[in-house]
Amino acid sequence: MNTAEAVADIDVVVIGAGQAGLSSAYHLRRTGFEPDRDFVVLDHAPGPGGAWQFRWPSLTYGKVHGMHALPGMELTGADPDRPSSQVITEYFDSYERTFGLRVRRPVEVRAVREGEGGRLLVESSAGTWSTRALINATGTWDRPFWPRYRGQETFRGRQLHTAQYPGPEAFAGRRVIVVGGGASGTQHLLEIAPVAAATTWVTRRPPVFREGPFSEDVGRAAVALVEERVRQGLPPRSVVSVTGLPLNDAIREGLANGVLDRQPMFDRITPDGAEWQDGRRVAADVILWATGFRAALDHLAPLRLREAGGGIRVEGTRAVADPRVHLVGYGPSASTIGANRAGRAAVRDIRRLLAGERAAA
């Protein structure tokens, strides 16, 4: 299938080979689906590792919060001082080979649209698949969210997003504004502050810090809140936005020494910094937008799954508007452990769907 005109029939297409896609592929294989014959995994990245392969070098494995192993194979003996991009990429690569998942890459999925006979057409740079069911596991890394503020285009310094963060060395001697109240924003600040000339932290809402351990009850409550938004067809919020930031030793030190002295959102951006409504100004050489990501779902647009609220309404992992489509790693399953569970649930539902089709035939 080397030409754009080629069309192949398959039972299931999995789009994405991060945690969610690999978990789904594992459960497909475990329940009797064969790679290339019954299902195919398409990934746009150049190699294994999902979004982890693009993380900044200073994010070592020991700094990663809540990395849950893929189903069927633990990640053991990893050096906490090695970059997480290396550790997890090697783990994903080993996982794909161990279970023979045969991920095809780099493959760019351009569109998923209605096909003939109740099937879906998945159009990609490697050809077109006619499929009975789809598992979308594209995550968010490809859609960094850049807010728009008055005067932004006049800024003479550098603007970059978390997705482009190169590590703290690039900010040495610079005056840096970090925008965003999530885990990435605080991590960037704590790394940049020791080498920067000055740092300023601004967020739209006051940050919420969480004392004590992250219990299962807290986790379930947070996931339930995100799940409710998805059920209503609203764009999902991150689980972290619900749970708050863990108050660990590094955060406590940043609060004590003033690095994490949060300021309210500025009113506008000036050529040499930012200005607040009360006239206060801060000079800056760099604005770093740690403002999160949105779900990468543009290729699903031809199916018209989005609700009036802007999101895709999902029950479990199934798109309510189209039971052939499952979203794994979306909304409540946008965590490593959530993606594992969602992959299993999606495969279970797809098996029922395909069995029902065969019974009706």
Of the residues Gly127, Gly115, which is at positive phi and in contact (Cβ under 8 Å) with a residue 12 or more places away in the chain? Gly127
If the requirement is being at positive phi and surrounded by fewer than 19 Cβ atoms within 10 Å (Cβ to Cβ), which of these qualifies: Gly49, Gly32? Gly32
How many residues of the range 26-53 are within 14 Å of the chain's Cα centre (by Cα) and free of Cβ contacts under 8 Å to residues at least 60 places away in the same chain? The answer is 3
Which members of the range 341-361 meet the condition of being among the basic types (Lys, Arg) and buried (at least 17 other Cβ atoms within 10 Å of the Cβ)? Arg341, Arg344, Arg351
In the set Val107, Val195, which member is more than 30 Å from Val259 (Cβ to Cβ) and in a loop (DSSP other than H, G, I, E, B)? Val107
State whether one or more residues within the range 306-325 are without any contact (Cβ under 8 Å) to a residue 40 or more places away in the chain and of a type in the set (Asp, Glu). yes
Exactly one of Ile251, Ile337, Ile350 is at pLDDT 95 or above, β-branched (Val, Ile, Thr) and either within 18 Å of Leu28 (Cα to Cα) or within 27 Å of the chain's Cα centre (by Cα) (or both), and that one is Ile350
Does any residue of the range 132-140 turn out to be loosely packed, with under 14 Cβ neighbours inside 10 Å and outside any helix (DSSP H, G or I)? no
Looking at the structure I just gave you, is Pro106 loosely packed, with under 15 Cβ neighbours inside 10 Å, more than 23 Å from Leu134 (Cα to Cα) and at pLDDT 90 or above? no
When you scan the range 17-25, do you find a residue that is touching a residue at least 60 places away in the same chain (Cβ under 8 Å) and outside any helix (DSSP H, G or I), even just one? yes
Scan Val286, Val282 and give me the residue that is within 22 Å of Ala183 (Cβ to Cβ) and of a type in the set (Val, Ile, Thr). Val286
Can you confirm whether Val347 is closer than 22 Å to Glu74 by Cβ, in contact (Cβ under 8 Å) with a residue 40 or more places away in the chain and either in the same structural domain as Gln19 (by TED's automatic domain parsing) or assigned to a loop (DSSP other than H, G, I, E, B) (or both)? yes
Check on Arg174, touching a strand residue (DSSP E or B) at 6+ places or on another chain (Cβ under 6 Å), more than 23 Å from Asp261 (Cα to Cα) and among the basic types (Lys, Arg): no
Matching residues, the range 314-340, being part of a helix (DSSP H, G or I) and buried (at least 18 other Cβ atoms within 10 Å of the Cβ): Gly331, Pro332, Ser333, Thr336, Gly338, Ala339, Asn340
Taking only the range 168-192 into account, find how many residues are closer than 16 Å to Phe293 by Cα and either in a loop (DSSP other than H, G, I, E, B) or acidic (Asp, Glu) (or both). 3
Looking at the range 73-99, I want the residues that are at positive phi and surrounded by fewer than 17 Cβ atoms within 10 Å (Cβ to Cβ) and have a partner that is modelled with pLDDT under 95 and not in a loop (DSSP other than H, G, I, E, B) with Cβ atoms under 7 Å, at least 6 apart or on another chain. Which pairs are those? none
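The values are calculated or read from the model by the stated rules, or taken from the named source; none is laboratory data. If you're wondering where the values come from, they're calculated on a predicted model, not measured in any experiment. All Cβ positions, glycine included, derive from the backbone under ideal geometry; neighbour counts span all protein chains shown.
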